[in-house]
1. Can you tell me which residue among ALA39, ALA43 is out of contact with any Leu (no Cβ under 6 Å at 6 or more places or on another chain) and touching a residue at least 40 places away in the same chain (Cβ under 8 Å)?
2. Output the residues belonging to the range 12-56 that are of a type in the set (D, E, K, R), in contact with a Phe, Trp or Tyr (Cβ under 8 Å, 6 or more places away or on another chain) and within 14 Å of ALA82 (Cα to Cα).
Amino acid sequence: MSGKYEGLDNDKQFGMSSVGRLIRDAWVFGLLPDTEQCAGWSAGMLQNLYEKVHAEWMKYGHLPSRLPPELQQRHSDRHSRAIREAKAKGWDAELGEGD
């Protein structure tokens with residue numbers, strides 16, 4: 001990523017980029033309010049967020065199945081909704097030859 005992040009609503013990969021997943025995980029863990037899209041955030045700001053999210057995931061072995069039930073539900077709800085919305089906008093989960 002160069003420059004500033006365009007924000008989750010304007011994510012070029014329909015929110016399915018690594019930054020989009022990071023933001024949703026930050027929502028799951030309560031590190032960001034659900035309304036924060038991170039528009040205009042620098043790479044350094046996103047790196048700081050990544051480190052906080054990573055520390056939370058470490059508590060659960062980086063596995064959604066090890067999350068407490070409430071967090072497991074939040075994770076499932078947010079990521080399932082994001083996948084549905086991205087597909088509706090034209091996102092294809094299949095990797096192309098250049099991916």
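The values are calculated or read from the model by the stated rules, or taken from the named source; none is laboratory data. Remember, it's a predicted structure, so these values are computed and weren't measured experimentally. No Cβ is skipped: glycine too gets one built from the backbone with ideal geometry, and neighbour counts run over all protein chains shown. Areas reflect the complete protein model, heavy atoms only, side chains present, ligands, DNA and RNA absent. Shrake-Rupley method; radii C 1.70, N 1.55, O 1.52, S 1.80 Å.
1. Within the list ALA39, ALA43, the selection yields ALA43.
2. If the condition is that a residue be of a type in the set (D, E, K, R), in contact with a Phe, Trp or Tyr (Cβ under 8 Å, 6 or more places away or on another chain) and within 14 Å of ALA82 (Cα to Cα), then ASP25, ASP34 are the ones that fit.
Okay, residues lined up against (1) open to solvent by less than 70 Å² (accessible area, probe 1.4 Å); (2) farther than 13 Å from ILE23 by Cα; (3) in a loop (DSSP other than H, G, I, E, B); (4) hydrophobic (A, V, I, L, M, F, W, C):
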position	(1), (2), (3), (4)
GLY40	yes, yes, yes, no
LEU46	yes, no, no, yes
ALA55	yes, yes, no, yes
GLY61	yes, yes, yes, no
SER65	no, yes, no, no
ARG78	yes, no, no, no
GLU85	no, yes, no, no
